[in-house]
Amino acid sequence: MKIAIKGVIVLFLLAAIWLIFKQFEGARFQTESYENTIDSLAVHIDSLHGQNDSLETAIIDEEYKNQVLTVKANVLKDNIKALKEDKSELEAAAKMRPHEIDSFFVVRYAEQYKIETKDTTILPVPVSKAVVVDLLDFDRTKTIVLNQDSLITNLESTVNGKDKVIVTLRTKEGNYESIIQKQVQQQDNYKIMVEGLKGDIKKLDRKNKINKLAKFGMGFLILGLAVTHK
């Protein structure tokens with residue numbers, strides 16, 4: 001009877017130790033979902049870096065175009081200034097001789113001179129000189145206006161180019177902000193994994209301690225039963 005009771009006690013203790021052991025064993029922390037999230041974020045980050053590389057190339061290209069436009073604008077400004085300041089051709093026209101005036105009109109209106117006419121009107125030399133001066137001044141003014149129009153178009157293109165650079169830089173900035181956010185998300189997932197694995201380590205540590213206690217208890221009970229049996 002005593003032996004049976006002792007056997008029941010031993011079984012009860014073994015069952016209690018097994019239950020405690022299972023309680024502390026628990027399920028292991030699963031890292032797969034967090035690893036997948038981190039990998040997915042890494043793909044997005046790489047994609048954003050690739051976009052920024054393309055944007056940087058576009059910025060370099062646009063800035064080069066802007067530099068070319070700036071050089072062209074400076075040339076146009078110099079031309080306009082030179083045209084406005086240079087009146088040597090007008091001054092020379094005011095000193096033309098009659099045959100030079102005739103040559104000017106023949107060259108300028110070559111097609112008209114080919115047409116036969118009975119008109120024999122001859123303008124006085126001073127009037128003819130004034131006409132020549134006005135025509136040359138008109139040509140000069142027309143060239144200035146054309147250069148100014150080109151300059152305006154050039155400046156508009158430069159402004160548009162700079163606007164494109166600004167927009168592209170803002171897009172790059174937005175991408176970098178997104179990269180930082182995703183890197184923060186990666187770090188958060190890493191932290192969760194680390195804490196989860198720390199929990200696993202604590203469980204394993206407790207499991208090992210309980211295992212040692214169980215072995216010690218079992219040895220003690222077996223020894224006690226052996227002594228009692230004698």
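The values are calculated or read from the model by the stated rules, or taken from the named source; none is laboratory data. Keep in mind that what you see is a predicted model, and the values were worked out from it rather than measured. Cβ sites come from the backbone with ideal geometry, for glycine too, and all protein chains shown count toward neighbours.
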Self-check item: Which listed residue, of Asp139, Asp163, is of a type outside the set (Gly, Ala, Ser) and either over 16 Å from the mean Cα position of the chain (by Cα) or loosely packed, with under 11 Cβ neighbours inside 10 Å (or both)
Solution: Asp139
Exercise. Could you give me the residue pairs with C-beta distances under 7 Å whose first residue belongs to the stretch 46-70 and is more than 13 Å from Thr171 (Cα to Cα), whose second residue is basic (Lys, Arg) and part of a helix (DSSP H, G or I) wherever it lies, and which are 6+ apart or on separate chains?
Key: Glu62/Lys164; Asn66/Lys162
Self-check item: Enumeration of residues in the stretch 63-80 that are surrounded by 14 or more Cβ atoms within 10 Å (Cβ to Cβ), of a type in the set (D, E, K, R) and more than 17 Å from Val167 (Cβ to Cβ)
Solution: Lys72, Lys77
Quiz item: Do we find that Lys95 is of a type outside the set (Phe, Trp, Tyr) and under 30 Å from His49 (Cβ atoms) in this structure?
Solution: no
Quiz prompt | Among the residues listed as Gly196, Gly224, Gly219, the single one being part of a helix (DSSP H, G or I) and either hydroxyl-bearing (Ser, Thr, Tyr) or modelled with pLDDT of 80 or more (or both) | solution = Gly196
Self-check item: Conditions (1) over 60 Å from the mean Cα position of the chain (by Cα); (2) small (Gly, Ala, Ser); (3) surrounded by fewer than 11 Cβ atoms within 10 Å (Cβ to Cβ): number failed by Ser88
Solution: (1)
Quiz item: Does Thr31 satisfy being within 42 Å of the chain's Cα centre (by Cα), of a type in the set (Ser, Thr, Tyr) and modelled with pLDDT under 95?
Solution: yes
Quiz item: From the residues in the stretch 144-170 that are hydroxyl-bearing (Ser, Thr, Tyr) and touching a Leu at 6+ places or on another chain (Cβ under 6 Å), which one is farthest from Phe105 (Cα to Cα)?
Solution: Thr168
Exercise. Could you tell me whether any residue of the stretch 38-50 is modelled with pLDDT of 95 or more and over 20 Å from Asn189 (Cβ atoms)?
Key: yes
Quiz item: Would you pick out the residues in the stretch 91-104 that are free of Cβ contacts under 8 Å to residues at least 24 places away in the same chain and part of a helix (DSSP H, G or I)?
Solution: Glu91, Ala92, His99, Glu100, Asp102, Ser103
Exercise. Can you run down the residue pairs with Cβ atoms below 8 Å, 6 or more apart or on separate chains, where the first is in the stretch 126-140 and in contact (Cβ under 8 Å) with a residue 40 or more places away in the chain and under 12 Å from Lys95 (Cα atoms) and the partner is in a helix (DSSP H, G or I) and not small (Gly, Ala, Ser)?
Key: Val133/Leu90
Practice problem: Among the candidates Gln112, Gln23, single out the residue that is at pLDDT below 90, under 30 Å from Ile144 (Cα atoms) and loosely packed, with under 11 Cβ neighbours inside 10 Å. | Solution: Gln112
